[in-house]
Amino acid sequence: MSKSQKFKKFVNMLAFIGIVAIAVVLLLNLIFGALNIFDSEVVVAMDLLAQCIAYLVTAIYAFYFVYSKNKPVYTIVYVIAVILIVVLLII
């Protein structure tokens, strides 16, 4: 198996983990919301982790789109968008 195929399998697995994590977080939010427990630190941490995985997978696939275009405008917009996402996640 080539490195490219291994990487694609890894990213696909990461996407699967991200979607499962998002589903679990939404389910826990529903359960804790019904029990009037809104600020569960575990759910908030899982939510942040799921968001980071989702953003990471999207950024990787977007990178391949930008790389295939070979135009500086796409690269500049991509870099600015990724930096904005990282900065706004930290804040």
task: For the stretch 68-85 and the stretch 1-62, compute the distance between their C-alpha centroids and round to whole Å.
output: 24
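I need the semi-axes of the equivalent ellipsoid of the stretch 3-90: take the C-alpha gyration tensor, multiply each eigenvalue by 5, square-root it, list largest first in whole angstrom. It would help to have the intermediate numbers written out before the result.
Details: eigenvalues 197, 57, 13 Å².
Ellipsoid semi-axes (Å, largest first): 31, 17, 8.
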query: Pulled fully out, how much extra length does the chain show between Ser40 and Lys69, if you take 0.36 nm times their separation in residues and subtract their Cα-Cα distance?
result: 6.1 nm
- prompt: Along each of its three principal axes, how wide is the spread of alpha-carbon positions in the stretch 49-91, in whole angstrom units, largest first?
  reply: 31, 18, 6
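FYI, it's all coordinate maths here, none of it is from the lab. Everything quoted here is computed from the prediction, not taken from an experiment.
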